[in-house]
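Reviewing the structure listed below.
The values are calculated or read from the model by the stated rules, or taken from the named source; none is laboratory data. No experiment lies behind these values; they were computed from the predicted model shown. FYI the Cβ positions are ideal-geometry reconstructions off the backbone, even for glycines, and counts take in every protein chain you see. Calculation scope for accessible area: heavy atoms of the full protein, side chains included, ligands and nucleic acids excluded. Shrake-Rupley method; radii C 1.70, N 1.55, O 1.52, S 1.80 Å.
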Amino acid sequence: MRSRISLNNGEAMRDMAEAGLGIAMLPGFIAAPALTAGRLISVLEAYATRALPITAVWPPVEPMPPKLRRFVDHLVAELEGGKPWC
């Protein structure tokens with residue numbers, strides 16, 4: 001598909017879609033407020049996108065600090081099963 005504008009910033013894409021300048025494929029955490037407020041509508045819901053991995057990276061430390069372990073465990077619990085980020 002050809003387009004006049006190509007962006008790599010989700011908030012800018014949302015703002016342009018809200019301004020009526022086209023459609024955008026956005027993650028839920030960026031689109032949800034505008035969808036809830038009725039500033040955007042969802043289209044092409046039947047078309048699924050591929051899942052993208054989320055990776056937590058930290059420097060090699062031994063032993064792993066308890067705060068870091070709790071944070072990584074929290075991320076795993078919150079994001080397991082592809083839960084939406086809304």
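Things to note:
- Qualifying residue in the stretch 45-53 (condition: among the aromatic types (Phe, Trp, Tyr) and either open to solvent by 100 Å² or more (accessible area, probe 1.4 Å) or in contact with a Ser or Thr (Cβ under 7 Å, 6 or more places away or on another chain) (or both)): yes
- Number of residues in the stretch 11-34 that are modelled with pLDDT of 95 or more and not in a loop (DSSP other than H, G, I, E, B): the value is 9.
- Scoring GLY38 on the criteria (1) open to solvent by less than 100 Å² (accessible area, probe 1.4 Å); (2) at negative phi leaves a single failure, condition (2).
- Cβ pairs under 8 Å, 6+ apart, first in the stretch 1-26 and exposed (fewer than 10 other Cβ atoms within 10 Å of the Cβ), second not in a helix (DSSP H, G or I): SER3/GLY22; ILE5/LEU21; ILE5/GLY22
- Scanning the stretch 54-68 for residues that are in a helix (DSSP H, G or I) and open to solvent by 100 Å² or more (accessible area, probe 1.4 Å) yields a single hit, LYS67.
- Flag if GLY38 is more than 30 Å from HIS74 (Cβ to Cβ), small (Gly, Ala, Ser) and modelled with pLDDT under 95: no
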